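Single-structure report; data block below.
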Amino acid sequence: MKKALSCVLMLALFLSLGMFGGWNGRALADTPEDRVGTYTLTEFTIGGEDYGEAIISAGIVFTLELHEDGTGLLVQGEEQLLLTWDENNIYDEDGVSTPYTFENGVLTMEEGDIRMVFTKDAAADVILMEDFSVETIYGETFTFSEALENHELVLINLFATWCGPCRMEFPYLQEALSQRSDQVAVIALSIEPTDTDEVLREFSADLGIQLPMANAEGTDLEDYVTIGIPTTILVDRTGKVAAVEIGALTETEEFLELFDRFTGPDYDPNLCEYSVTTFDLDYNLLPDVTVYFCTDTTCTPIVTDEEGFASFIAPPGRYHVQVIGIPEGYELVDEGDFYTEPYGQNIWLSFRKTGN
């Protein structure tokens, strides 16, 4: 029964897309980056009848791969069918199209009475920045979605006027933006309720900067502040929160390196950088600490360098951070569990000297 069901379901899916045969080599230009990736079939209905549960119980796995060059694959077991795609349609070898919709990592195709829903792998681990608008101290409206539409990267700086490190980094951010304003949009948002427009204008004038600035009230962005401020949120061209930097950046080059990391043709929006910084209670950076970043099935070991830093590149996820090796004479201050957020993140770990 399961074998028969498998054949029926596979035939129905393949026929619905009209994809028997080979690919004719035609690549499509309009292939949005947020759609590139591997998907798993999570819903399948024919004539309103749901076969999704039957597919799972029969052990049948359908995957859909969409590649950057406009090609793709529909896969079930050893069967692979070549296809092409663009922003709105998936095509067979003769150019016959099946329309699809895409939203928040979910791709839906409907053809006649057949409906297929594919969910992008790790989509649940991706945080997309919600749209927001603020009125800046210069009387202009900053809308996140509009800024993203015209730039490759949006930097959201969370600060307060009473914060010394926040004040320290603004001139460097201003200088870096002046060199990358065609690629990067910036909005500085105070999380301090008493930082009114008048206070922020005086603060900006005192620093000699002209960055777009407003109060964060009504945006919920203060939820990104975990350890302290300044906190810098970097949102890539797909709308994904690509990284959250904690602490002041005190060189223009540090901002430019961030800009370069998340812009340009070599940037892969399907990957994030995870890192760890280790230090003792006197704020001396601590090398030779071995840390594992683990999923349910694998662990990635990294070892901190002379600057107490180590990193690796991986798909977005909530990684369990485990300290495996500690230099002699030190112990971890906080023995609790550490987990990353599902975006590129630096974990700060403190150690104390033992035997004192």
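Quick notes
- Percent antiparallel among DSSP beta bridges (both partners in the chain, rounded to 5): 80 percent
- Alpha-carbon centroid distance for the pair segment 185-232 / segment 338-352, whole angstrom: 24 Å
- Less than 5 angstrom separates the built amide H of I127 from those of V241, all sequence-distant by 5 or more or on a different chain.
- Cα-only Debye scattering, segment 174-320: base-10 log of I(q)/I(0) at q = 0.10 Å⁻¹: -0.45
- Largest GNM mean-square fluctuation across G228, G112, G264, computed for the chain with C-alpha springs under 10 Å, falls on G112.
- Ranking T31, L234, N150 by Cα position along the charge dipole of the chain, where only Lys, Arg, Asp and Glu carry charges on their C-beta atoms, puts T31 farthest toward the positive end.
- Take 90-100, 305-315 and order them by the average number of nearby Cβ atoms within 10 Å per residue, most first; the result is 90-100, 305-315.
- Hull volume in cubic angstrom per residue (convex hull over the Cα atoms of segment 271-356): 84 Å³
- If you plug the beta carbon distance of Q210 and E331 into 1/(1 + (r/R0)^6) with R0 = 56 Å, you get a FRET efficiency near 0.75.
- About its Cα centre, the chain has a charge dipole of approximately 840 debye under the convention of +1 per Lys or Arg Cβ and -1 per Asp or Glu Cβ, with nothing else charged.
- The orientation-averaged projection of the convex hull spanning the C-alpha atoms of segment 167-256 amounts to 6.0 square nanometres.
- For the residues E135, E65, E328, a GNM of the chain with alpha-carbon springs under 10 Å puts the largest fluctuation on E328.
- Positive-end extreme of charge dipole, segment 168-211 - chosen from S181, T194, L207 (charges on Cβ): S181
- Surrounding net charge for P171, when Lys and Arg each add one and Asp and Glu each subtract one, Cβ distance under 13 Å: -4
- Computed Rg/Rh of the chain, alpha carbon atoms with Kirkwood Rh: 1.05
- Options P316, I347, T252, ranked by Cα towards positive dipole end of segment 243-347, top entry (Cβ charges): P316
- GNM flexibility winner over the chain from Y172, Y292, Y283 (Cα, springs under 10 Å): Y283
Quick note: the coordinates plus some simple rules give every number you see, no bench work behind them. None of the values given here were measured: they were computed from a predicted structure. Using ideal geometry, Cβ is built from the backbone for each residue, glycine included, and neighbour counts are taken over all protein chains shown.
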